[in-house]
There are 2 protein chains.
Amino acid sequence: MMDFLHSVDSAALKLVDRRSEPNDLKSPIQPPSDSQTGCTDHILIWQWNELSGWGHPEIRPYGPLPIMPSASVLQYATACFEGIKVYRGYDDKLRLFRISLNCERMVKSSMRVKLPEFAPADLEAIISRFAAIEAEKWLPPGLKGKTLYLRPTHIGTTASLGLQKPRHSLLYVVATLLPGFSTKRSGMRLLTSPANTIRAWPGGFGNAKLGANYGPTLVAHDEAIRSDFDQILWLSGPEGYVTEAGASNFFVIWISPGGELQIVTAGLHNGIILEGITRRSILELVRYKSLQEEAWIVANRQLKPLTAVERDISIQEIQAAVSEGRLLEAFASGTAYFITPVEQIHHRGQDIDIATPSEESGSYTSLIKNWLSNVVYGRDDPLGWTQTI
Amino acid sequence: MMDFLHSVDSAALKLVDRRSEPNDLKSPIQPPSDSQTGCTDHILIWQWNELSGWGHPEIRPYGPLPIMPSASVLQYATACFEGIKVYRGYDDKLRLFRISLNCERMVKSSMRVKLPEFAPADLEAIISRFAAIEAEKWLPPGLKGKTLYLRPTHIGTTASLGLQKPRHSLLYVVATLLPGFSTKRSGMRLLTSPANTIRAWPGGFGNAKLGANYGPTLVAHDEAIRSDFDQILWLSGPEGYVTEAGASNFFVIWISPGGELQIVTAGLHNGIILEGITRRSILELVRYKSLQEEAWIVANRQLKPLTAVERDISIQEIQAAVSEGRLLEAFASGTAYFITPVEQIHHRGQDIDIATPSEESGSYTSLIKNWLSNVVYGRDDPLGWTQTI
């Protein structure tokens, strides 16, 4: 287990003391180069401190951030983030999708770790400007149906080992064409979370987009990847309620025990799941289109409208529905992975296989994916969710 | 609420593009100066990457760390830390206290967020060397009974927005004479945690020293500070079990409902509290000295030996014990605050007052504090817990 370790000879520990070159610390610590990170060549920087408030945002060349070793973010995880895509529409226009919701959520997430608040509209304005600048080069006209991924991040930079609210913070945004989100296959295989690991808890912070929600999931996630699964399906409570798939929301389409055709996802009542913007948009679109029969035609098939339901649903209910032929489809949703079908859930030694109809044969998953694609790429935006930039 | 915010004029957003000065990003981001952080003038650096393993540790001038904006630690809170003190003994020798336990715990904490493991003895060796170098200047001979605080920190530095285990990490140690740990008064006032906020849960990571355990406590902590309390007393479960006081372990000394004279602290069975090294040492010392009647003399008073008990204890049990006169003392323990008496707990509108006998009048808290002081400052180390450096 320890075979990769060389033995440290503490007597040989070098003392490199160059007072005349205080910035020399940069050289020995080697962050990965830009080519490995896939980020574009700019970063948006917006700084805050307790005395003077928010400064003027600036767009600068991409590069490492100088962060003090005792900074709040490194010691106490005062950090939150968002995921936003810039879409190059089928009409060649650039669009952002409901980013006011991202900006509002980022205020809430910031406040959950005592980072300073800000006006969501201010962040929206500067992100839009940054998106336009970066997309001009990295998502140029002609790349119809492609996206550029933006990652707003807010961190506490106060250098103090005493545990206290940050008195300095840095909000920054980077952009990438290669966010590193991919699945091995068209339908995901999910592994239910180990019995001894819980992602979030009522009274915790599962509903805030904090870094603190993700690092502690990596043990289970890595175990899943090594066993050829794509993501962990996080269960909650003795009932084994399904909550999130990896960092995405999770949906099933089923005939309920009472016989109703439903699309179901976990509710927000106990604060353990993230209120995904894709999640919310799916529920709203399903409800909006429920009376429009023509909206439910896919691959020349007329599907019956779904009833959107938010409620706790357990892995046992899913197992029962599969064995009784009542479970039609399942998918994960989020900005990064968009809408990805789930073809199998492995739970405590048992495979739960879920049908994944091809796009051609027509399925609710592909229908909903089409609805959303049409919105973000500018074909049909019935609820006014996008803005061109 | 938003009055500190100026309105952002996005059209005025500056684009500062200087490809010829890639490191210029350093200048506009202003981390607090060294004088504000109180750190000494060196940092110990130990780098790891997946391909070549651990490099050679180096001691370098203290300064900001260059961290990529997409680094794992900034996005996903892959970070853990330790707190260690160097003690200048009454014999003028420098001592470290049970740091093998810190190093073992740091391996466990690292692995909880998929940071790489290492041999605890290697870390122990390099920390000892760093401690000796820094103490020579900052804790020189003559400062008997004083300490220098060390903060080992381990962070994931891989620059990738895709959620994955870190492939690069940085373990560093800084030292400070001013860690920013202080209480307003000799006996702490604790405020019980709000009903809607839980610090840690079974299946979570409360027993690992992760940054992720601390940032989300700042909302409640700041509320407590503003109401003139020193720390939050974290409750758990519908029973309201007391778990930790701020980032310290919590002890009561009482006559149990069954009539036994006990020192009680929360157990480790469900993984929600940190296994503090001071906590463990207190329990071990109480047990070791239980049969030595002469060890229990303080301020010329002979106290009865305590029985050390690890079990869940609820705030209601504490309230009942106070009202029945069975609660003798309470204190918090940890490396930073050492042993600090608790004089009041405020719970849901009610003050629970606890006696805090003066050191002169003699109390269990001051007796135990003396035992531990004698160990760390080299007067009496019956269990061989210290090493001179």
query = Which condition number does A:Y241 fail, the rest of (1) surrounded by 23 or more Cβ atoms within 10 Å (Cβ to Cβ); (2) over 17 Å from A:L372 (Cβ atoms); (3) modelled with pLDDT of 95 or more being met?
reply = (1)
inquiry  = Please list, ordered by residue number, the strands (runs of 3 or more DSSP E) wholly in the range A:151-241 having 1 or more residues that are at the interface with another protein chain (Cβ under 7 Å from one of its Cβ atoms) and in contact with a Leu (Cβ under 7 Å, 6 or more places away or on another chain).
reply    = A:168-176
task = Looking at (1) touching a strand residue (DSSP E or B) at 6+ places or on another chain (Cβ under 7 Å); (2) in contact (Cβ under 8 Å) with a residue 24 or more places away in the chain; (3) over 30 Å from B:L178 (Cα atoms), find the lone condition where B:D351 falls short.
result = (2)
request  = Give just the number: which of (1) under 29 Å from A:N213 (Cα atoms); (2) buried (at least 21 other Cβ atoms within 10 Å of the Cβ); (3) not acidic (D, E) does B:A119 not satisfy?
outcome  = (2)
message = Show the residue pairs meeting these rules: Cβ distance below 7 Å; 6+ apart or different chains; first residue within the range B:48-62 and within 7 Å of another protein chain (Cβ to nearest Cβ) and in contact (Cβ under 8 Å) with a residue 12 or more places away in the chain; second residue open to solvent by less than 10 Å² (accessible area, probe 1.4 Å) and among the β-branched types (V, I, T).
response = B:P57/B:I45; B:P57/B:I126; B:E58/B:I45; B:R60/B:I43; B:R60/B:I45
message = Any residue that is assigned by TED's automatic domain parsing to the domain that holds B:A159, surrounded by fewer than 24 Cβ atoms within 10 Å (Cβ to Cβ) and within 14 Å of B:Y172 (Cβ to Cβ) - is there at least one of those in the range B:65-72?
response = yes
request  = Might you check whether a residue that is modelled with pLDDT under 95 and either over 18 Å from the mean Cα position of the chain (by Cα) or among the basic types (K, R) (or both) occurs anywhere in the range B:228-237?
outcome  = yes
task = Go through the range B:125-137 and give me each residue that's open to solvent by 10 Å² or more (accessible area, probe 1.4 Å) and within 9 Å of chain A (Cβ to nearest Cβ).
result = B:A125, B:S128, B:R129, B:I133
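Give the residue, chosen from B:S314, B:S358, B:S366, that is without any contact (Cβ under 8 Å) to a residue 60 or more places away in the chain, polar (S, T, N, Q) and not assigned by TED's automatic domain parsing to the domain that holds B:K85.
Numbers: B:S314 fails: without any contact (Cβ under 8 Å) to a residue 60 or more places away in the chain; B:S366 fails: without any contact (Cβ under 8 Å) to a residue 60 or more places away in the chain.
When all the criteria are applied, what remains is B:S358.
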ask   = Being closer than 30 Å to A:N370 by Cβ, within 11 Å of another protein chain (Cβ to nearest Cβ) and open to solvent by 10 Å² or more (accessible area, probe 1.4 Å), is that true of even one residue in the range A:98-105?
value = no
Close pairs (7 angstrom Cβ cut-off, 6 or more residues apart or separate chains): within 25 Å of A:G271 (Cα to Cα) in the range A:215-236, crowded, with 23+ Cβ neighbours inside 10 Å and of a type in the set (D, E) anywhere = A:W234/A:E244
inquiry  = I want to confirm something. Restricting to the range A:372-389 and keeping residues that are in contact (Cβ under 8 Å) with a residue 24 or more places away in the chain and open to solvent by 40 Å² or more (accessible area, probe 1.4 Å), which single residue is nearest to A:A131 (Cα to Cα)?
reply    = A:I389
inquiry  = Yes or no: the range A:335-347 includes at least one residue that is over 16 Å from A:V298 (Cβ atoms), without any contact (Cβ under 8 Å) to a residue 12 or more places away in the chain and of a type in the set (G, A, S).
reply    = no
Every residue from the range B:286-306 that is loosely packed, with under 14 Cβ neighbours inside 10 Å and of a type in the set (A, V, I, L, M, F, W, C) = B:L291, B:I297
query = How many of the residues in the range A:253-273 are under 17 Å from A:I232 (Cα atoms) and surrounded by fewer than 24 Cβ atoms within 10 Å (Cβ to Cβ)?
reply = 1
task = Answer with yes or no whether B:L178 is of a type in the set (A, V, I, L, M) and open to solvent by 10 Å² or more (accessible area, probe 1.4 Å).
result = yes
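The values are calculated or read from the model by the stated rules, or taken from the named source; none is laboratory data. Everything numeric in this text was worked out from a predicted model, so none of it was measured. All Cβ positions, glycine included, derive from the backbone under ideal geometry; neighbour counts span all protein chains shown. Just the protein is used for accessible areas: all its heavy atoms, side chains included, with ligands, DNA and RNA removed. Shrake-Rupley method; radii C 1.70, N 1.55, O 1.52, S 1.80 Å.
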